[in-house]
Amino acid sequence: MDSKKPFLIAIQPSGLQFEQVAGLSVMQSGLRAGIRLPNSCRNGTCRTCMCKLFTGEITYQIEWPGLTREEKAEGWILPCVAEAQSDLVLDVPAAVDLKA
């Protein structure tokens, strides 16, 4: 039995939260929970979903997402191709609660 808790993803400044679903991206996990993050291509190239990672660790589902080394170093991520590896706090002012 797997007793590991799913990682919690908190969205600022709205305070919305959802759980990372294993095998899905942060964006897909949010949509499954009724929370839409800005998106377009969903493959790591258009940068529409680019947001700031305040705290936490992610891994990418693709080898090199559309971010520069400098952007990565500054904490920018692409949630359409990222998976949480810990609880996350993200700055996504345009997040929408689809359940509201």
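Observations on the structure shown:
- Candidate set from the stretch 29-45 (those that are in contact with a Gly (Cβ under 9 Å, 6 or more places away or on another chain) and surrounded by 17 or more Cβ atoms within 10 Å (Cβ to Cβ)); member that is nearest to Trp76 (Cα to Cα): Gly44
- Single residue of Asp91, Asp97, Asp87 found to be open to solvent by 60 Å² or more (accessible area, probe 1.4 Å) and among the acidic types (Asp, Glu): Asp87
- Picking from residues in the stretch 46-69 that are farther than 18 Å from Gln20 by Cα and open to solvent by 70 Å² or more (accessible area, probe 1.4 Å), the one that is modelled with the highest pLDDT is Arg47.
- Being touching a residue at least 24 places away in the same chain (Cβ under 8 Å), out of contact with any Ser or Thr (no Cβ under 6 Å at 6 or more places or on another chain) and assigned to a helix (DSSP H, G or I) holds for only one residue in Gly30, Gly44, and it is Gly30.
- Filtered residues of the stretch 1-23 (kept if under 14 Å from the mean Cα position of the chain (by Cα), hydrophobic (A, V, I, L, M, F, W, C) and more than 18 Å from Val96 (Cβ to Cβ)): Phe7, Leu8, Val21, Ala22
Residue-wise test of (1) in a loop (DSSP other than H, G, I, E, B); (2) of a type in the set (Ser, Thr, Tyr).
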site: Ser14; (1), (2): yes, yes
site: Val21; (1), (2): yes, no
site: Thr59; (1), (2): no, yes
site: Glu70; (1), (2): no, no
site: Cys80; (1), (2): yes, no
site: Glu83; (1), (2): no, no
site: Ala94; (1), (2): yes, no
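- Output for the stretch 44-99, where each listed residue is β-branched (Val, Ile, Thr) and out of contact with any strand residue (DSSP E or B) (no Cβ under 8 Å at 6 or more places or on another chain): Thr45, Thr48, Ile62, Thr68
- Scanning the stretch 5-28 for residues that are open to solvent by less than 10 Å² (accessible area, probe 1.4 Å) and within 19 Å of Trp76 (Cβ to Cβ) turns up Ile9, Ile11, Ser25, Val26, Met27.
- Filtered residue count, the stretch 70-84, keeping only those that are surrounded by 17 or more Cβ atoms within 10 Å (Cβ to Cβ), out of contact with any Leu (no Cβ under 7 Å at 6 or more places or on another chain) and of a type in the set (A, V, I, L, M): 3
The values are calculated or read from the model by the stated rules, or taken from the named source; none is laboratory data. Given the structure is predicted, the values throughout are model-derived calculations rather than measurements. All Cβ positions, even for glycine, are placed from backbone atoms using ideal geometry, and neighbour counts span all protein chains on display. Areas reflect the complete protein model, heavy atoms only, side chains present, ligands, DNA and RNA absent. Shrake-Rupley method; radii C 1.70, N 1.55, O 1.52, S 1.80 Å.
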